[in-house]
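Since the structure comes first, as structure tokens, the remarks are kept for the end.
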Amino acid sequence: MSFKRLDAEDFVVSATSVQSTAWSTNEPILTTFQTSSVQTSGTSGNYYISVYQVAATLDEAEVQFDITYGNKIGSGSEFFDPSIPRLTPATSIYGQYRTMVLEDENSSFIYGDGTNTFTPNDFYALSIDRARYKEKLFPGTFNLKLINGSNTIHLTDNSNSTNIATFLGSNRVYQIISGSNGSPYDTTGYVANSGSYGLFLPDIGTILLNPAAINQSIEITPTVTSNVANGTNQSIIYDAIKSGGSFQLNAQETITSDFVFVRSRNSEFNYSSNPSYISGSTGEIIFPQFINNPQTYVTTVGMYNDANELVAVAKLSRPLLKDFTKESLIRVKLDF
Amino acid sequence: MGYLNNQVVTVDAILTKKGRELLAQNDGSFRITQFALADDEIDYTLYNPVNPSGSAFYGQAIDNMPLLEAFPDENQIMKYQLTTLPRGTAVLPVLNLGLSAVTLKQGASLAITPQTLNYLGNATAFETSGYNCIIADVRTMAEFNGTGIQTTAAQTQNSTSTTTLGTNVSSTVIGSQINLRATTVNTLFGTNTQLQTTLTVIGLDSGARITIPVTITQGTTL
């Protein structure tokens with residue numbers, strides 16, 4: 001016998017939440033920001049700017065996040081067709097996020113809560129690359145520094161001052177405030193008459209920024225006249241992020257592991273089909289000592305389905321001696 | 001492919017190419033139900049039963065050797081399975097296919113009936129559970145199936161044995177007799193006159209294994 005059936009109790013499924021840095025640099029804070037002239041001058045550049053951790057021409061360059069701009073009434077980018085005003089890439093972006101987040105085509109984004117709410121027509125959106133945020137963003141780790149000239153603002157989410165998560169549609173949402181590590185600098189971290197600085201949507205890897213609130217703090221404002229060159233407003237917030245030079249974010253994912261306990265009894269697996277275990281082609285065991293006291297060295301565990309197909313394999317880091325006086329228990333962890 | 005750090009005992013587990021394929025199929029075929037152990041990489045001639053330092057040192061050359069990481073190709077790993085036999089066994093099971101290599105012309109057929117020598121006190125035996133037969137490149141075959149074993153697994157394997165998925169071209173069947181028929185497709189040869197692959201047969205009860213080369217020659221005559 002060379003195959004042994006596994007029992008139900010030999011399997012344990014475990015799920016573990018793992019947090020890690022989001023960026024390709026494996027550092028918590030992204031400090032350098034680069035764009036690609038090929039991307040920004042292409043068709044996609046009409047809608048968004050891709051931001052890399054190093055020069056886009058380098059082999060190790062990977063998209064970290066995309067910056068886009070949405071406007072409800074079509075201002076801030078070029079008309080698709082001059083004879084049809086209001087339809088621009090900015091309108092498409094606004095409608096896209098409204099459908100995805102608010103799940104209601106008649107709604108508008110509202111920043112802030114209580115008595116300090118604000119409903120503007122536009123937003124900047126930072127869409128984190130899926131490979132960076134893995135499953136979801138980790139609330140409380142978002143710290144973004146924006147600089148315009150001598151004006152600086154530090155933004156974070158308000159997860160530390162929120163006991164119960166709130167939802168927009170089916171999306172978990174936190175307000176973006178002035179502060180750090182999930183806590184406000186002052187009472188609320190909001191801006192007078194402009195609500196919060198935006199919305200932090202961890203489950204879809206999206207950060208919406210409120211242009212009016214940011215303008216009050218660091219005096220940058222999107223150009224919202226009609227038929228503005230595409231990419232103009234994305235560049236405004238990109239320049240502030242680049243000048244700030246500090247974007248901290250962690251990713252969170254649940255790793256589901258299947259533990260398989262491989263048990264061999266003292267009487268099992270004590271002989272080998274290894275060609276060096278026998279002498280010649282007749283199958284005689286190489287050493288006389290092995291006839292009554294066989295020894296084998298386990299190096300590999302193969303896991304099979306009912307059709308005897310090898311579906312997973314595990315290697316030990318060193319050979320494990322097995323004989324009639326030893327039993328072994330090997331724990332194999334398969335991650336999905 | 002690198003060495004595993006053997007300062008501590010760890011287990012490095014991966015899905016094989018076949019495992020990933022079955023997982024992607026999402027039809028329940030990726031379900032681990034059994035295991036086997038193997039001693040790939042071990043050279044027992046390094047075992048020294050006359051070591052002057054004593055029996056604790058007989059396996060000195062093997063005990064602490066570093067091992068390579070797992071290979072995802074299921075044809076390159078689990079080559080030498082460990083087996084359970086009665087204590088006192090002096091000769092180990094060996095497979096006999098009746099031939100040391102297979103050469104077929106296009107469209108020609110061959111039936112192989114593996115036998116196990118030295119198994120459970122018998123000079124020659126057919127294993128009750130049958131034989132696992134793996135062809136490394138099933139595109140070389142118009143027909144590849146096993147007969148004589150009536151389990152659901154064996155019948156399922158036969159029904160899809162010549163179906164390939166992308167570049168994953170190895171195929172496994174179970175039977176007490178293995179039937180091969182060489183491909184008739186000329187385009188597989190390109191500018192060559194032969195196709196080469198391997199056939200690996202594993203006794204499901206004994207764990208004994210043998211691999212032989214398979215050659216398909218172009219044309220209808222050798």
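For this structure, a couple of remarks:
- One residue from B:69, B:74 being over 19 Å from the mean Cα position of the chain (by Cα) and within 10 Å of another protein chain (Cβ to nearest Cβ): B:69
- The residues of the stretch A:26-38 that are of a type in the set (S, T, N, Q) and surrounded by fewer than 18 Cβ atoms within 10 Å (Cβ to Cβ), listed by number, are A:26, A:31, A:32, A:34, A:37.
- Taken over the stretch A:260-282, residues that are among the hydroxyl-bearing types (Ser, Thr, Tyr) and surrounded by 22 or more Cβ atoms within 10 Å (Cβ to Cβ) amount to 5.
- For the stretch A:312-336, the set of residues classified as open to solvent by 90 Å² or more (accessible area, probe 1.4 Å) and not hydroxyl-bearing (Ser, Thr, Tyr) consists of A:327, A:329, A:331, A:333, A:336, listed by residue number.
- On the stretch given as the stretch A:39-60, residues that are closer than 23 Å to residue A:136 by Cα and open to solvent by 30 Å² or more (accessible area, probe 1.4 Å) total 2.
- Test: residue in the stretch B:40-60 that is acidic (Asp, Glu), assigned to a loop (DSSP other than H, G, I, E, B) and either more than 7 Å from every other protein chain (Cβ to nearest Cβ) or crowded, with 17+ Cβ neighbours inside 10 Å (or both): yes
- Restricting A:153, A:147 to residues that are among the aliphatic types (A, V, I, L, M), over 25 Å from residue A:94 (Cβ atoms) and modelled with pLDDT of 95 or more narrows the list to A:147.
- Strands (runs of 3 or more DSSP E) lying entirely in the stretch B:81-146 (those with 2 or more residues that are among the polar types (S, T, N, Q) and assigned by TED's automatic domain parsing to the domain that holds residue B:199): B:115-119, B:122-125
- Index of the failed condition, residue B:94 passing every other in (1) among the β-branched types (Val, Ile, Thr); (2) touching a residue at least 12 places away in the same chain (Cβ under 8 Å); (3) more than 7 Å from every other protein chain (Cβ to nearest Cβ): (3)
- Filtered by the rule that a residue be assigned to a strand (DSSP E or B) and either out of contact with any Leu (no Cβ under 6 Å at 6 or more places or on another chain) or open to solvent by 50 Å² or more (accessible area, probe 1.4 Å) (or both), the stretch A:151-163 gives A:151, A:152, A:154, A:156, A:157.
- Of all the residues in the stretch B:61-80, those that are open to solvent by less than 30 Å² (accessible area, probe 1.4 Å) and either assigned to a loop (DSSP other than H, G, I, E, B) or under 18 Å from residue A:288 (Cα atoms) (or both) number 5.
- Checking each residue of the stretch B:158-181 against the condition of being of a type in the set (D, E, K, R), closer than 22 Å to residue A:2 by Cα and in contact with a strand residue (DSSP E or B) (Cβ under 7 Å, 6 or more places away or on another chain) gives no match.
- Conditions (1) assigned to a strand (DSSP E or B); (2) more than 7 Å from chain B (Cβ to nearest Cβ); (3) open to solvent by 20 Å² or more (accessible area, probe 1.4 Å): number failed by residue A:251: (3)
- Within the stretch A:164-180, residues that are more than 13 Å from residue A:206 (Cβ to Cβ) and assigned to a strand (DSSP E or B) reach partners that are of a type in the set (Lys, Arg) and modelled with pLDDT under 95 with beta carbons closer than 9 Å, at six or more positions or on different chains, in the pairs A:166/A:172.
- Whether a residue is over 26 Å from residue A:259 (Cβ atoms), crowded, with 19+ Cβ neighbours inside 10 Å, facing chain B (nearest Cβ under 7 Å) and over 48 Å from the mean Cα position of the chain (by Cα) was assessed, and residue A:285 passes this test.
- Some residue of the stretch B:110-121 being within 18 Å of residue A:297 (Cα to Cα), open to solvent by less than 20 Å² (accessible area, probe 1.4 Å) and within 11 Å of chain A (Cβ to nearest Cβ): no
- Just one of the listed residues (A:197, A:174, A:190) is surrounded by 15 or more Cβ atoms within 10 Å (Cβ to Cβ) and within 19 Å of the chain's Cα centre (by Cα), and it is A:174.
- Filtering the stretch A:113-150 to residues that are outside any strand (DSSP E or B), open to solvent by 20 Å² or more (accessible area, probe 1.4 Å) and in contact with a Ser or Thr (Cβ under 8 Å, 6 or more places away or on another chain) leaves A:119, A:121, A:132, A:135, A:139.
- Here the stretch A:83-103 is the region considered, the condition is being farther than 28 Å from residue A:249 by Cβ and in a loop (DSSP other than H, G, I, E, B), and the residue that is least open to solvent (accessible area, probe 1.4 Å) is A:88.
- Verdict on residue B:26 being free of Cβ contacts under 8 Å to residues at least 24 places away in the same chain, more than 7 Å from chain A (Cβ to nearest Cβ) and either surrounded by 12 or more Cβ atoms within 10 Å (Cβ to Cβ) or under 23 Å from residue B:83 (Cα atoms) (or both): no
- Residue A:220 meets the conditions (1) farther than 23 Å from residue A:137 by Cα; (2) open to solvent by 40 Å² or more (accessible area, probe 1.4 Å) in every case but one. The failed one is (2).
The values are calculated or read from the model by the stated rules, or taken from the named source; none is laboratory data. Because the structure is a prediction, the values reported are computed rather than measured. Positions of Cβ are backbone-derived with ideal geometry, glycine not excepted, and every protein chain shown enters the neighbour counts. Quick note on the areas: whole protein, heavy atoms, side chains included, nothing else; ligands and nucleic acids left out. Shrake-Rupley method; radii C 1.70, N 1.55, O 1.52, S 1.80 Å.
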